[in-house]
Number of protein chains: 2
Amino acid sequence: MDINQIAQMAGVSRATVSRYLNDGYVSQEKRAAIRRVIEKTGYVPSRQAKSLRTGKTNVVGVIIPKINSASVSRMVAGITLVLNEAGYQVLLANTDNDAAREVDYLRLFSEKSQVDGVILIATVVTPEHRAAIAGLPVPAVVLDQDVDVCSCVYQDDYAAMREVAAVALRTATHPAYIGVFEEDVAVGQMRRRGFLAACADAGLEVPERALRIAEFSVDSGYEQAEALLEDYPELDAIVCATDSIAYGALTCLREYGRRVPEDVVVTGVDDSEISQIVTPTLTTVHNHYKTSGAETARMLVGFMSGEENVPRKVKMGYEVVTRNSTR
Amino acid sequence: MDINQIAQMAGVSRATVSRYLNDGYVSQEKRAAIRRVIEKTGYVPSRQAKSLRTGKTNVVGVIIPKINSASVSRMVAGITLVLNEAGYQVLLANTDNDAAREVDYLRLFSEKSQVDGVILIATVVTPEHRAAIAGLPVPAVVLDQDVDVCSCVYQDDYAAMREVAAVALRTATHPAYIGVFEEDVAVGQMRRRGFLAACADAGLEVPERALRIAEFSVDSGYEQAEALLEDYPELDAIVCATDSIAYGALTCLREYGRRVPEDVVVTGVDDSEISQIVTPTLTTVHNHYKTSGAETARMLVGFMSGEENVPRKVKMGYEVVTRNSTR
């Protein structure tokens, strides 16, 4: 089905159909005839044709590390809100934390006719990422990691972890830590450093066997907590890099008969919806993920419209939320 | 940065760069020179150029109703696995359950050069959806709703709810139900009918005030459970259309001092990861979401390759998982 066939079926000229599709003047009668044909045939006017005229696609590509994540979904909610209001559609590319796939999607988006801008919710930023971002023909903003290759919006992971760990250390003298892989600078390195800083603040030394690495999942949190109970049975706190890991730790402690918060205190980071539902409710960090997504999108809209061209970095604030998993 | 500049910087001809990019013969020395320039500049060869040659984009568009959903993420995991193996990239469009936006994304994907096929994870299917799907120039498959406009893969919502509700009704005589809006045929209508069938099987009549509608969220489940405790205090079961709603109901019952499962039994549908973490653990339905996503993708690959052209409908099996929220 193309514009010529629509014109023929509606009994009007091709130019009239074109004007109709481009919001130009068409008489009421012809307008109705064209609309009837379009409704009947399900014809969809070509965005490409429009994009050829304007040089814009009005689409933004957003690369995300996983889809079933409370923090990612809140970032995407903020991004989508701002971009939709600004007249953009949003295409998401899910990479399941696969760096090679992220670079592939940066390539996919880097054709000028596909998207007007790119947001990368980043986990690991390799030299290949930096090269691919630098080679983009459209503006890009990185969300959730502090990078130099383009503008970015990120969380204050170090300070937030230092503060929530200090809550755990009010009552604990043998704290353990479950983090994530160090290639993720924000969640892996910065939060681990924040934990160690809090321990140093409290005058505590932490043995290597008290430090574990988990994946971003409940099951992995369970496994690492189980390993800690084996290797470091004297523990009286488990500080976790994310809420999901903390849910696994809570479940493990319950099954092993360790009471939370009486015997062991537990903390997370993310303040996801479930943190108020688990028993006991979880002490955690509330990051402003939705706001950070909105901030990222606003920045990108400025770059895409040409109104802004000065790169910048935004470090977001946070709040520690104290609940029943600490004393 | 274009192919001419790459050629100049590498000191080779444009044709050599073109052969390099298209996996044609290039001497080892020239190959190394071109690779160095490409790595240094971050140049990304145009997919459009390739797609102009082959008429294929090797991209599939997947329209999803929400991103922070355990069931949607499992479907997308299955879809992605199969499509990546078949050499396709996947672009997701999140619509937040907004039917108009779904139609917009169907339009966006319907340009031939954007995607080779479309999967719609459907919630509500309006006449506009059907027209937009029928007008697609590429194959489409609908996942999670039983539709006639194209091939589909869906869950056996009626039978699954009838069976899990029967577990609740082993001990309950005053069951209440929290469902979702009826425009969602699968989750709204079919699960509600399954619940009512189970009640009829047990010889129970259910008053209107025992039937509530929630959104797909924990908070909404809490609110509707609270309203039920007000309007239907004699309830001894809350059967929920989804796990998220059930988590809200569990939290509400705990706060109002009703013991689960002693005073009130609770059931969900989805068997999401959290259902084993909440206290008590949740009796629910395990739907094979990941497998249904994989099945959908395999079907679409068949249509896109031209090896398959017979439309079909697949109804997936399920299992009821009995845990501690029922007796």
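The values are calculated or read from the model by the stated rules, or taken from the named source; none is laboratory data. Note that the coordinates shown come from a computational prediction; the quantities given were computed from them, not determined experimentally. Cβ atoms come from the backbone with ideal geometry, glycine included; neighbour counts cover every protein chain shown.
Structural remarks
- Only one of the numbered conditions (1) surrounded by fewer than 16 Cβ atoms within 10 Å (Cβ to Cβ); (2) touching a residue at least 24 places away in the same chain (Cβ under 8 Å) is not met by A:Glu205, and that is (2).
- Hits in segment B:152-173 (condition: assigned to a helix (DSSP H, G or I) and of a type in the set (Val, Ile, Thr)): B:Val164, B:Val167
- The sole residue among A:Ala77, A:Ala134, A:Ala166, A:Ala93 that is within 11 Å of chain B (Cβ to nearest Cβ) and farther than 27 Å from B:Leu108 by Cβ is A:Ala134.
- Scanning segment A:216-248 for residues that are within 13 Å of chain B (Cβ to nearest Cβ) and assigned to a loop (DSSP other than H, G, I, E, B) yields A:Phe216, A:Ser217.
- Answer residue from segment A:249-278, given it is in contact (Cβ under 8 Å) with a residue 60 or more places away in the chain and part of a helix (DSSP H, G or I) and is nearest to the chain's Cα centre (by Cα) among those: A:Glu273
- Meets criteria (more than 18 Å from A:Val314 (Cα to Cα) and in a strand (DSSP E or B)) for A:Ala176: yes
- Options A:Val218, A:Val180, A:Val265: the member that is farther than 21 Å from A:Thr281 by Cβ, out of contact with any Cys (no Cβ under 8 Å at 6 or more places or on another chain) and either surrounded by 15 or more Cβ atoms within 10 Å (Cβ to Cβ) or among the aliphatic types (A, V, I, L, M) (or both): A:Val180
- Residue identified as within 14 Å of chain A (Cβ to nearest Cβ), out of contact with any Phe, Trp or Tyr (no Cβ under 6 Å at 6 or more places or on another chain) and basic (Lys, Arg) among B:Arg323, B:Arg327: B:Arg323
- Scanning segment A:279-307 for residues that are not charged (D, E, K, R) and not in a helix (DSSP H, G or I) returns A:Thr279, A:Pro280, A:Thr281, A:Leu282, A:Thr283, A:Thr284, A:Val285, A:His286, A:Asn287, A:His288, A:Gly306.
- Any hit, segment B:198-209, residues being among the β-branched types (Val, Ile, Thr), at pLDDT 95 or above and in contact with a Ser or Thr (Cβ under 9 Å, 6 or more places away or on another chain): no
- Filtering segment B:137-147 to residues that are outside any strand (DSSP E or B) and more than 11 Å from chain A (Cβ to nearest Cβ) leaves B:Val138, B:Pro139, B:Asp144, B:Gln145, B:Asp146, B:Val147.
- Residue satisfying condition, being buried (at least 18 other Cβ atoms within 10 Å of the Cβ), closer than 23 Å to A:Lys66 by Cα and hydrophobic (A, V, I, L, M, F, W, C), within set A:Ile245, A:Ile213: A:Ile245
- Filter pass, B:Arg191 being within 28 Å of the chain's Cα centre (by Cα), over 25 Å from A:Pro280 (Cα atoms) and in contact (Cβ under 8 Å) with a residue 60 or more places away in the chain: yes
- Residue within segment B:62-69 that is under 19 Å from B:Ala294 (Cβ atoms), in contact (Cβ under 8 Å) with a residue 60 or more places away in the chain and within 8 Å of chain A (Cβ to nearest Cβ) present: yes
- The set of residues from segment A:158-188 being without any contact (Cβ under 8 Å) to a residue 40 or more places away in the chain and under 24 Å from A:Asn324 (Cα atoms) comprises A:Tyr158, A:Arg162, A:Ala166.
- Condition check for B:Lys290: of a type outside the set (Gly, Ala, Ser), within 30 Å of B:Asp148 (Cα to Cα) and either within 14 Å of another protein chain (Cβ to nearest Cβ) or over 23 Å from the mean Cα position of the chain (by Cα) (or both): yes
- The set of residues from segment B:17-57 being modelled with pLDDT of 80 or more and crowded, with 17+ Cβ neighbours inside 10 Å comprises B:Lys30, B:Ala33, B:Ile34, B:Val37, B:Thr57.
- Pick from segment B:151-177, criterion hydroxyl-bearing (Ser, Thr, Tyr) and surrounded by fewer than 23 Cβ atoms within 10 Å (Cβ to Cβ), ranking: nearest to B:Arg74 (Cα to Cα): B:Tyr154
- In summary, B:Leu235 fulfils each of the numbered conditions (1) crowded, with 19+ Cβ neighbours inside 10 Å; (2) among the hydrophobic types (A, V, I, L, M, F, W, C); (3) under 25 Å from B:Asp144 (Cβ atoms) with the single exception of condition (3).
- Test: residue in segment A:112-126 that is of a type in the set (S, T, N, Q) and at pLDDT 95 or above: no
- Filter pass, A:Asp104 being closer than 27 Å to B:Ile64 by Cα, within 14 Å of another protein chain (Cβ to nearest Cβ) and free of Cβ contacts under 8 Å to residues at least 24 places away in the same chain: yes
- B:Phe109 fulfils the conditions (1) surrounded by 19 or more Cβ atoms within 10 Å (Cβ to Cβ); (2) within 30 Å of B:Glu262 (Cβ to Cβ) except for a single criterion, (2).
- Out of B:Thr251, B:Thr283, sole residue that is under 30 Å from B:Glu226 (Cβ atoms), touching a strand residue (DSSP E or B) at 6+ places or on another chain (Cβ under 6 Å) and not small (Gly, Ala, Ser): B:Thr283
- Any hit, segment A:162-179, residues being under 30 Å from A:Val118 (Cβ atoms) and out of contact with any Lys or Arg (no Cβ under 6 Å at 6 or more places or on another chain): no
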